[in-house]
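Single-structure report; data block below.
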Amino acid sequence: MGIDSHSSVFGPVPPRADGKINLIGLSRQDLAAAVADLGEKPFRAKQLWGWIYGRGVTDFQAMTNIAKPLRVGLAERFAIERPETSRHVTSVDGTRKWLLKLRDGQEIEAVHIPEEDRGALCVSSQVGCTLTCSFCHTGTQRLVRNLEPAEILGQVMLCRDALGEWGTPHEARRFTNIVMMGMGEPLYNYDAVAKALTIVMDAEGIAISKRRITLSTSGVVPMMRRCGEELGVNLAVSLHAVRDDLRDVLVPLNRKYPIAELLDACRSYPGINNARRITFEYVMLKGVNDSVADAKELVRLLRGIPAKVNLIPWNPWPGAGYETSTKAQIDRFAQVLMDAHLASPVRATRGQDIMAACGQLKSDSVRQRKFRTPAPPAISATG
Ligand code: SAH
Ligand code: SF4
């Protein structure tokens, strides 16, 4: 399939075995229509919304301000479904990882990374990824499909369930931020991601604001403006190289949307300014993209863009053919950025004991490999 395909490789998610419709993922309007179908007044939809997204209730019987016969009627037709948790592990540093089983048996991961006074959930947007970045394990998965809005929301709702934070005031939450940095390219599943994030941002529900959501893209240029205009979330761009010949290999989508075009789209990303910068992700690959000259070129490229750079030590996986840059080299690289006021802290590797590194989500149970052409020797790190 072409890299531009927005559709699933294999069919749509099957309906529930019991024939019920999952309410998760319906927009406010669609929920109102479902309620109207039952002959109920619109305010019932508002009540339901509050129970589902404000309180995290999964059982209609718990909806105490809804009359009993209606609760029974709702339960006959509808469900409030979470993905099934296959595995839930907590790292010694508090990082939690969920391996989730979807209705068609596919698996995805979500990871919560706690910090001092906040915590981010790394959310997946697809099963696998149609793109084939040479250093990324997700790109090697054979099966790819888009996640439904309910499956994207399910990750968020499960995390809030697990942390027991339904109804917790914002200041007291440990799950405060969302990064769309799990499996998949979110801008290749834009409609479902937009639907899910619109529900996540709704102030009468999950209420995580656009300022606390970051969407990471490998550079799907034609979708970037729309994302900024419609969702207004923070943008992270997976740059990883400062020359097209190298980026063509690391992030093959570059052949379609080269660096200059990508940076133009960044310059015109709606709502960016010095207080709201674009994050440029840069994975540190030993001997590949980590020289001081690369750092200087990066500074030159980003001049005039409200930017910060996130240096990510590469997370190894077997057979990748790359090595992580040394700490000393990362420090040298970071110093060049710091001198140009572009630096942000090097992303700490968290949850290593449970292989929970965000951006390298994978399940032990899925080790399918896609045939891929090795990178040309001049720029591959065989180490
Ligand atoms: N598809 C999107 C978002 C998911 S990947 C994108 O590419 O931006 C999230 C981030 O993790 C990206 O910057 C990606 O390049 C990076 N990443 C992927 N594999 C990695 C690895 N093995 N080690 C470190 N970072 C990795
Ligand atoms: Fe897909 Fe992002 Fe991995 Fe590239 S880095 S293969 S775009 S998930």
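Would you check if there is a residue in region 290-310 being within 12 Å of ligand 1 (Cβ to nearest atom) and either out of contact with any Asp or Glu (no Cβ under 9 Å at 6 or more places or on another chain) or outside the structural domain of Gly139 (by TED's automatic domain parsing) (or both)?
In the first step, residues of region 290-310 are kept if they are within 12 Å of ligand 1 (Cβ to nearest atom); the result is 309-310.
Remaining after also requiring either out of contact with any Asp or Glu (no Cβ under 9 Å at 6 or more places or on another chain) or outside the structural domain of Gly139 (by TED's automatic domain parsing) (or both): none.
Scanning region 290-310 turns up no residue that is within 12 Å of ligand 1 (Cβ to nearest atom) and either out of contact with any Asp or Glu (no Cβ under 9 Å at 6 or more places or on another chain) or outside the structural domain of Gly139 (by TED's automatic domain parsing) (or both).
Got a sec? Which of Arg211, Arg174, Arg160 is in contact with a helix residue (DSSP H, G or I) (Cβ under 6 Å, 6 or more places away or on another chain), of a type in the set (D, E, K, R) and either more than 23 Å from Leu26 (Cβ to Cβ) or at pLDDT 95 or above (or both)?
Arg174
Could you tell me whether any residue of region 179-195 is part of a strand (DSSP E or B) and either crowded, with 21+ Cβ neighbours inside 10 Å or near ligand 1 (Cβ under 10 Å from one of its atoms) (or both)?
Taking every residue of region 179-195 in turn, at least one turns out to be part of a strand (DSSP E or B) and either crowded, with 21+ Cβ neighbours inside 10 Å or near ligand 1 (Cβ under 10 Å from one of its atoms) (or both).
Inside region 52-74, can you point out the residues that are free of Cβ contacts under 8 Å to residues at least 60 places away in the same chain, surrounded by fewer than 16 Cβ atoms within 10 Å (Cβ to Cβ) and in a loop (DSSP other than H, G, I, E, B)?
Answer for region 52-74, where residues must be free of Cβ contacts under 8 Å to residues at least 60 places away in the same chain, surrounded by fewer than 16 Cβ atoms within 10 Å (Cβ to Cβ) and in a loop (DSSP other than H, G, I, E, B): Thr58, Asp59, Thr64, Asn65, Ala67.
Taking region 212-221 as the search range and keeping residues that are closer than 14 Å to Gly119 by Cα and free of Cβ contacts under 8 Å to residues at least 40 places away in the same chain, which one is farthest from ligand 2 (Cβ to nearest atom)?
Restricting to residues being closer than 14 Å to Gly119 by Cα and free of Cβ contacts under 8 Å to residues at least 40 places away in the same chain, the top hit is Arg212.
With open to solvent by less than 30 Å² (accessible area, probe 1.4 Å), more than 10 Å from ligand 1 (Cβ to nearest atom) and free of Cβ contacts under 8 Å to residues at least 12 places away in the same chain as the only criterion, which of Glu151, Glu171, Glu165 stands out?
Glu165
Quick check: is even one residue across region 146-156 in the same structural domain as Ile213 (by TED's automatic domain parsing), touching a strand residue (DSSP E or B) at 6+ places or on another chain (Cβ under 6 Å) and farther than 18 Å from Thr85 by Cα?
yes
Looking only at region 90-113, count every residue that is touching a residue at least 40 places away in the same chain (Cβ under 8 Å) and either touching a Ser or Thr at 6+ places or on another chain (Cβ under 9 Å) or assigned to a helix (DSSP H, G or I) (or both) and tell me the total. Lay out the reasoning, then the answer.
Going through region 90-113, the residues touching a residue at least 40 places away in the same chain (Cβ under 8 Å) turn out to be 90-93, 95-100, 102-104, 107-113.
Retained after the next criterion (residues that are either touching a Ser or Thr at 6+ places or on another chain (Cβ under 9 Å) or assigned to a helix (DSSP H, G or I) (or both)): 96-100, 107-113.
The total comes to 12.
State the number of residues belonging to region 287-300 that are free of Cβ contacts under 8 Å to residues at least 60 places away in the same chain and within 27 Å of the chain's Cα centre (by Cα). Give the derivation first.
Kept after step one, since they are free of Cβ contacts under 8 Å to residues at least 60 places away in the same chain, are these residues of region 287-300: 289-300.
This time we only want the ones that are within 27 Å of the chain's Cα centre (by Cα), so: 289-290, 295, 298-299.
Number of matching residues: 5.
Where residues in region 75-110 are hydroxyl-bearing (Ser, Thr, Tyr) and in contact with a helix residue (DSSP H, G or I) (Cβ under 8 Å, 6 or more places away or on another chain), which of them is surrounded by the most Cβ atoms within 10 Å (Cβ to Cβ)?
If we take residues in region 75-110 being hydroxyl-bearing (Ser, Thr, Tyr) and in contact with a helix residue (DSSP H, G or I) (Cβ under 8 Å, 6 or more places away or on another chain), then Thr95 is surrounded by the most Cβ atoms within 10 Å (Cβ to Cβ).
Identify the single condition in (1) modelled with pLDDT under 95; (2) surrounded by 16 or more Cβ atoms within 10 Å (Cβ to Cβ) that Ser365 does not satisfy, given that it satisfies every other one.
Failed condition: (2).
Every residue in region 111-129 that is open to solvent by 10 Å² or more (accessible area, probe 1.4 Å) and more than 10 Å from ligand 1 (Cβ to nearest atom), please. Give the derivation first.
Step one: filter region 111-129 for residues open to solvent by 10 Å² or more (accessible area, probe 1.4 Å), giving 113-118, 120, 129.
The answer is Ile113, Pro114, Glu115, Glu116, Asp117, Arg118, Ala120.
Within the bounds of region 199-209, is there any residue that is in contact (Cβ under 8 Å) with a residue 40 or more places away in the chain and farther than 16 Å from Tyr53 by Cβ?
No, region 199-209 contains no residue that is in contact (Cβ under 8 Å) with a residue 40 or more places away in the chain and farther than 16 Å from Tyr53 by Cβ.
Please state which one of Gly232, Gly205, Gly228, Gly219 is in the same structural domain as Ala307 (by TED's automatic domain parsing) and within 11 Å of ligand 1 (Cβ to nearest atom).
Matching residue, one of Gly232, Gly205, Gly228, Gly219: Gly219.
In region 76-85, which residue that is touching a residue at least 40 places away in the same chain (Cβ under 8 Å) and outside any helix (DSSP H, G or I) is farthest from the chain's Cα centre (by Cα)?
Phe78
Could you grab me the full set of residues in region 273-285 that are touching a Pro at 6+ places or on another chain (Cβ under 6 Å) and either over 22 Å from Thr140 (Cα atoms) or part of a helix (DSSP H, G or I) (or both)?
First, the residues of region 273-285 that are touching a Pro at 6+ places or on another chain (Cβ under 6 Å): 273-274, 277, 284.
Asn273, Asn274, Arg277 - these are the residues of region 273-285 that are touching a Pro at 6+ places or on another chain (Cβ under 6 Å) and either over 22 Å from Thr140 (Cα atoms) or part of a helix (DSSP H, G or I) (or both).
Here are some conditions: (1) closer than 30 Å to Glu297 by Cα; (2) within 13 Å of ligand 2 (Cβ to nearest atom); (3) at pLDDT 95 or above; (4) under 14 Å from the mean Cα position of the chain (by Cα). Val233 meets all but one. Which one does it not meet?
Failed condition: (2).
The values are calculated or read from the model by the stated rules, or taken from the named source; none is laboratory data. What you are looking at is a predicted structure, and each value in this text was computed from that prediction instead of being measured. Every residue, glycine among them, receives a Cβ derived from its backbone with ideal geometry; neighbour counts consider all protein chains shown. We work out accessible area using only protein heavy atoms, side chains counted, and drop any ligands, DNA or RNA first. Shrake-Rupley method; radii C 1.70, N 1.55, O 1.52, S 1.80 Å.
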